[in-house]
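The values are calculated or read from the model by the stated rules, or taken from the named source; none is laboratory data. Being a predicted model, the structure only gives us computed values, none of them experimental. Cβ placement follows ideal geometry from the backbone for every residue including glycine, while neighbour counts extend to all protein chains displayed.
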Amino acid sequence: MAVDAVDTGAGMRRGKDIRKARRGDDGLLAQLRRPPGGRDARIMLLTQALDRAGTGVWAASSVLYFTFVVGLDAGRLGLLLGAAGVAGIAGSPLAGHLADRFPVRTLLIGCHLVRLVALCVLLVVTDFGLLLLLFAVTHLGDRAAKTLEMLFATRVAGERRSTYQALSRSSANAGYALGAGLAAIGLAVGTQGAYQVLILANALSFLVAAALVWRTREPRGAGLVVARPGAAEGSRAAGTGPWRDRGYLRFVLLDIPMNLDDSILGVGLPLWLVGHTTAPHALIPAFLVINTVLVVALQLRVSARVRDARQAAGAVALYGLTTLASCVFLALAPAGGAWAAAVALLGAAVLVTAAELMRSVSSWELAVSLAPREARASYLGVAGMAQSVQKSAGPLLLTGAVMAAGPVGWLALGAGVAGLSLVQRRSALRRLDRLSAAAPEPEPAPAA
């Protein structure tokens, strides 16, 4: 069948989730204890939290480690980060391709172990060529692992995958914040040994994650299967694969700017504050705090209100509007004094986080719903490239074009994202209509 049909039972469960979210019942901790998918989902959520805690340690310390311990200059450090970004782009489709042929659980354990080995070797290597290779392998494994986690969730949580995604993002953000906090302790010490301990802490998170994944069971659900006769468009797409499915590639291409909130929060806001406003620099950590707190507090409620793929398409349009609003706040920030700039930047941080919440419930749901069930693994692998490409190109876009143009650049970016979000919404709805029309009618029950 080429489209995810939401049966009555699934609809009733989702409606129950929404009513609970609106009443405040069944809060985040309760949902984490009883997530969609049961025991295996609960273990995977813990795994993701630990993995992201290690990632938080790595994100806060890796650049300083390569600068002060390894002794790389700015040029080589930029090349290192660029190569890692390119390798990360390849990680998602590679994971999707392999998941069509091998168990997801085994591949995910392999990703964790590959990253473990790469980081341990990285600690004793000084040759730049080997560092380049090891750092690229680490990022390749990171993006591949995220795609495999998404596929695992799709199979384990089924029609309740939006609830699982909300729990996943909440636990991952909490883990990331914990890791960044732990890294701050090591960075305060500032010795070579302290930096090495931080890198080993990240490596340890991969070891524990691999052990936890080993305790799960392989989720039900196949990757590539023989298409049934009569499933017109969806089956043809599954047979040719995602790289020849123009409709799905259009979705992935348009999904790249629908991930720009990540670069705006991590790159745009801090650099715009420092270089173009008089707001206090001490405000920069508040951006991450606001983002983390709001995502953990609101992700579950937001996800509960997106019940199907059509509502996910509507959330894409809301993403564009909230991104546009955040860009307006950024454009206004330099116009006033320090306090006015601070208020505008904090407002932009809130709106960027709101855009992230919209993106988290729309991008993943559409990536699953627009993919043929017969080849979902390889399709999700290609869909995962959108985030990887944005992580590589987004900072360059912001620093090289948007901020160079000043406030007008932010307004142009916001208008562009808002316009593309409407194109994405219309394109997604049309594809959903075609997939629904191509779905075979259920056979009537035989007469008694």
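Take the residues of the range 391-419 that are within 29 Å of ALA145 (Cα to Cα) and buried (at least 22 other Cβ atoms within 10 Å of the Cβ): which is modelled with the highest pLDDT? My answer is VAL417. Any residue at all in the range 172-179 that's farther than 21 Å from ARG301 by Cα, modelled with pLDDT of 80 or more and part of a helix (DSSP H, G or I)? Yes: the range 172-179 contains one or more residues that are farther than 21 Å from ARG301 by Cα, modelled with pLDDT of 80 or more and part of a helix (DSSP H, G or I).
Suppose we keep only residues that are of a type in the set (A, V, I, L, M, F, W, C) and surrounded by 24 or more Cβ atoms within 10 Å (Cβ to Cβ) within the range 128-149. Which one would you say is farthest from PHE102 (Cα to Cα)? It comes out as LEU140.
Quick one: what pairs do we get from the range 305-316, first residue free of Cβ contacts under 8 Å to residues at least 40 places away in the same chain, second part of a loop (DSSP other than H, G, I, E, B), C-beta under 9 Å, 6+ apart or different chains? Pairs found: GLN311/ARG305. If only residues of the range 40-76 that are charged (D, E, K, R) and either over 20 Å from VAL104 (Cα atoms) or in contact (Cβ under 8 Å) with a residue 40 or more places away in the chain (or both) are counted, the one that is surrounded by the fewest Cβ atoms within 10 Å (Cβ to Cβ) is ASP73. I want to confirm something. Restricting to the range 214-272 and keeping residues that are closer than 29 Å to ILE109 by Cα, of a type outside the set (Gly, Ala, Ser) and modelled with pLDDT under 50, which single residue is surrounded by the fewest Cβ atoms within 10 Å (Cβ to Cβ)? If we take residues in the range 214-272 being closer than 29 Å to ILE109 by Cα, of a type outside the set (Gly, Ala, Ser) and modelled with pLDDT under 50, then VAL226 is surrounded by the fewest Cβ atoms within 10 Å (Cβ to Cβ). Note on the range 270-288: residues that are in contact (Cβ under 8 Å) with a residue 24 or more places away in the chain and closer than 21 Å to ARG52 by Cβ total 3. Residue check: ALA153 meets all listed conditions (1) at pLDDT 90 or above; (2) buried (at least 24 other Cβ atoms within 10 Å of the Cβ) but one, namely (1). One residue stands out in the range 97-109 among those that are in a helix (DSSP H, G or I) and at pLDDT 90 or above: the one that is surrounded by the fewest Cβ atoms within 10 Å (Cβ to Cβ), namely THR106.
Inclusion of ARG434 among residues that are basic (Lys, Arg) and more than 25 Å from the chain's Cα centre (by Cα) is warranted. So, ALA194, is that one part of a helix (DSSP H, G or I), on the phi < 0 side of the Ramachandran plot and surrounded by fewer than 23 Cβ atoms within 10 Å (Cβ to Cβ) or not? Yes; evaluated as a whole, the condition is true for this residue.
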